[in-house]
Amino acid sequence: MKSVPAGRLYYSISEVSEMVGVKAHVLRYWETQFKMLRPKKGRGGARMYRKQDLEVLFEVKKLLYEQRFTIAGARRWILDQ
C-alpha cells in the first residue's frame with residue numbers, strides 16, 4: 001500500500017486515482033457505495049480528497065481486490081471497524 005504524501009490538505013481525483021491505483025470512475029462509483037467517502041467539492045464541482053478519504057480508499061481497495069470481499073461485505077467490514 002502506498003503512503004499518503006505529507007504536507008497537503010487536499011488531492012485531486014486524478015492524483016488520488018494514481019495513488020490508489022484505480023481509475024477515476026471507480027473512485028466515483030465507490031463514493032456512491034461507501035457513505036463514509038464524501039470528498040469536498042470545489043466551486044466547479046471538482047472533488048478534493050483529504051487524508052482520511054485516502055485511508056478509506058486504500059482500505060476499500062485492499063478489501064475488494066486483495067481479500068475478495070463483495071461491496072456489501074466491505075461496507076459492513078468498514079462500518080464495524
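The values are calculated or read from the model by the stated rules, or taken from the named source; none is laboratory data. The model shown is predicted, which means the values in this text are computed figures rather than measured ones. For neighbour counting, all protein chains shown are included, and Cβ atoms are generated from backbone atoms with ideal geometry for every residue, glycine included. Note: areas computed on protein heavy atoms with side chains; ligands, DNA, RNA excluded. Shrake-Rupley method; radii C 1.70, N 1.55, O 1.52, S 1.80 Å.
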Seminar exercise, completed: Scanning the range 1-58 for residues that are touching a residue at least 12 places away in the same chain (Cβ under 8 Å) and of a type in the set (S, T, N, Q) gives SER12, GLN33
Seminar exercise, completed: Selection from the range 34-47 of residues outside any loop (DSSP other than H, G, I, E, B) and surrounded by 13 or more Cβ atoms within 10 Å (Cβ to Cβ) yields ARG47
Problem set entry | Residue within the range 60-68 that is open to solvent by 50 Å² or more (accessible area, probe 1.4 Å) and on the phi > 0 side of the Ramachandran plot present | yes
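Here is a yes/no grid of residues against (1) more than 13 Å from the chain's Cα centre (by Cα); (2) part of a loop (DSSP other than H, G, I, E, B); (3) not aromatic (Phe, Trp, Tyr):
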| residue | (1), (2), (3) |
| --- | --- |
| ALA6 | yes, yes, yes |
| LEU9 | yes, yes, yes |
| GLU31 | no, no, yes |
| GLN52 | no, no, yes |
| VAL60 | no, no, yes |
| GLY73 | yes, no, yes |
| LEU79 | yes, no, yes |
